[in-house]
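The values are calculated or read from the model by the stated rules, or taken from the named source; none is laboratory data. Keep in mind that what you see is a predicted model, and the values were worked out from it rather than measured. Note: ideal-geometry Cβ built from the backbone for every residue, glycine included; neighbour counts use all protein chains shown. SASA here: full protein model, heavy atoms, side chains in, ligands and nucleic acids out. Shrake-Rupley method; radii C 1.70, N 1.55, O 1.52, S 1.80 Å.
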Amino acid sequence: MIQIIGVDAEQINKLPLTDMQRAIVRQRQNSPRIYRFSSLDALLFELAMRENIVQAAKALYNGDAGFAVFDRSRCNERLWERTPNGGFQLRPGVRPSDGINDIFENGRMYAFECATAMVLILYKAVLETIGKEKFDTYFPDLYVRDWHYDSDLQLVTAYDNNEATYGDVLYFKNPDHNPETPEWQGENAIMIGNDLYFGHGIGIRTGEEMIASLNRKRVPFSMQSAYLTDQVNHPSFEHLRNIAARGTEPMLAYLQGDVIARVGSHGYSHYFLPTA
């Protein structure tokens, strides 16, 4: 259940939410676990952020970015420098928001593996949620490779995939993968729907289809199937909300009638936060 001091379920149910956000609320309200929020604003921020993660995952899927192991990675070297270990370092003078947006707008110039894809999706979602000015301030000098990420992203890990919801990052493990293709030892994936996931290199699949794809990458005659682990990751929504709120009014003040503001051609759910 969702628990906010001084707020009852009826107030939550009257919030002007998108279908995806309402599905998250419904799931949380029906859960035996208690999900505590400091305010309605905190709940709204998490819902907006989770929807932006899903939209960023879909945008990466619909783009032209390729899948590649580290020694074959590539990037737009006008904005990023490819490091010897296959990572991408933002070039001096390039705005972090421009670097991230370029990956989603000019995907054909990029190729990377699935963990890097997850971090890029999370960065894109943060950018769309808190805006360019704050993103550029708090996420400078970006370097992306594998699970390397800025300390202000602050990933939180839990171990119960039964509680996973839209925008969570999960992991499909392939314990009997072919040692000649270590990149298929597992697949990081964003939950984008009810039993629907996006993993860079595999695409959008159900859980069963994800497992079937990984099973095709096992050693010959293996009988040990890939599986979805219990691990669930997501950003620290409260930490990001605190960043977004510095010098701004609460998000709740920017809800207009029954419509939540949207920006961009991809329809990213976005609560407009005035700049400091």
Can you list residue pairs whose Cβ atoms sit under 8 Å apart, with the first residue in region 10-22 being of a type in the set (Gly, Ala, Ser) and the second being exposed (fewer than 13 other Cβ atoms within 10 Å of the Cβ) and assigned to a loop (DSSP other than H, G, I, E, B)? Count only pairs 6 or more apart in sequence or on different chains. none
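What's the total number of residues in region 117-138 that are without any contact (Cβ under 8 Å) to a residue 40 or more places away in the chain and either under 19 Å from residue 170 (Cβ atoms) or touching a Phe, Trp or Tyr at 6+ places or on another chain (Cβ under 9 Å) (or both)?
Adding up the residues that qualify gives 4.
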Test residue 48 against the stated conditions and say whether it is part of a helix (DSSP H, G or I), in contact with a Ser or Thr (Cβ under 7 Å, 6 or more places away or on another chain) and hydrophobic (A, V, I, L, M, F, W, C). yes
Taking region 29-52, which residues are within 15 Å of residue 238 (Cβ to Cβ) and among the charged types (D, E, K, R)? 36, 41, 46, 50
In this structure, is residue 222 of a type in the set (S, T, N, Q), outside any loop (DSSP other than H, G, I, E, B), over 25 Å from residue 52 (Cβ atoms) and open to solvent by less than 60 Å² (accessible area, probe 1.4 Å)? no
Please work out if residue 119 is surrounded by fewer than 24 Cβ atoms within 10 Å (Cβ to Cβ) and β-branched (Val, Ile, Thr). yes
Count of residues meeting criterion [open to solvent by 40 Å² or more (accessible area, probe 1.4 Å), closer than 30 Å to residue 79 by Cα and part of a loop (DSSP other than H, G, I, E, B)] in region 137-180: 6
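Given the structure, is residue 272 modelled with pLDDT of 90 or more, open to solvent by 40 Å² or more (accessible area, probe 1.4 Å), of a type outside the set (S, T, N, Q) and farther than 27 Å from residue 65 by Cα? Talk me through it step by step, then tell me what you get.
Details: modelled with pLDDT of 90 or more: no; open to solvent by 40 Å² or more (accessible area, probe 1.4 Å): yes; of a type outside the set (S, T, N, Q): yes; farther than 27 Å from residue 65 by Cα: yes.
When the stated conditions are applied, residue 272 does not pass them.
If you take the residues in region 7-28 that are modelled with pLDDT under 95 and over 23 Å from residue 239 (Cβ atoms), which one is most open to solvent (accessible area, probe 1.4 Å)?
14
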Members of region 38-93 found to be open to solvent by 20 Å² or more (accessible area, probe 1.4 Å), within 21 Å of the chain's Cα centre (by Cα) and of a type in the set (Lys, Arg), listed by number: 58
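Go through region 225-243 residue by residue and tally those that are closer than 19 Å to residue 191 by Cβ and either open to solvent by 30 Å² or more (accessible area, probe 1.4 Å) or out of contact with any helix residue (DSSP H, G or I) (no Cβ under 9 Å at 6 or more places or on another chain) (or both).
Result for region 225-243: 5.
Give 24, 34 a once-over and let me know the one that is among the aliphatic types (A, V, I, L, M) and within 23 Å of residue 188 (Cβ to Cβ).
On the way: 34 fails: within 23 Å of residue 188 (Cβ to Cβ).
Only one candidate passes the filter, namely 24.
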Just one of 151, 97 is over 30 Å from residue 222 (Cβ atoms), out of contact with any strand residue (DSSP E or B) (no Cβ under 7 Å at 6 or more places or on another chain) and modelled with pLDDT under 95; which is it? 151
Given the options 93, 6, 63, 86, name the one that is touching a helix residue (DSSP H, G or I) at 6+ places or on another chain (Cβ under 9 Å) and on the phi > 0 side of the Ramachandran plot. 86
Check off (1) assigned to a loop (DSSP other than H, G, I, E, B); (2) at pLDDT below 95; (3) open to solvent by 40 Å² or more (accessible area, probe 1.4 Å) for residue 248 and give me the number that stays unchecked. (3)
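Among the charged types (D, E, K, R) and surrounded by 15 or more Cβ atoms within 10 Å (Cβ to Cβ): does that describe residue 98?
Values: among the charged types (D, E, K, R): yes; surrounded by 15 or more Cβ atoms within 10 Å (Cβ to Cβ): no.
So residue 98 does not fit the description; no.
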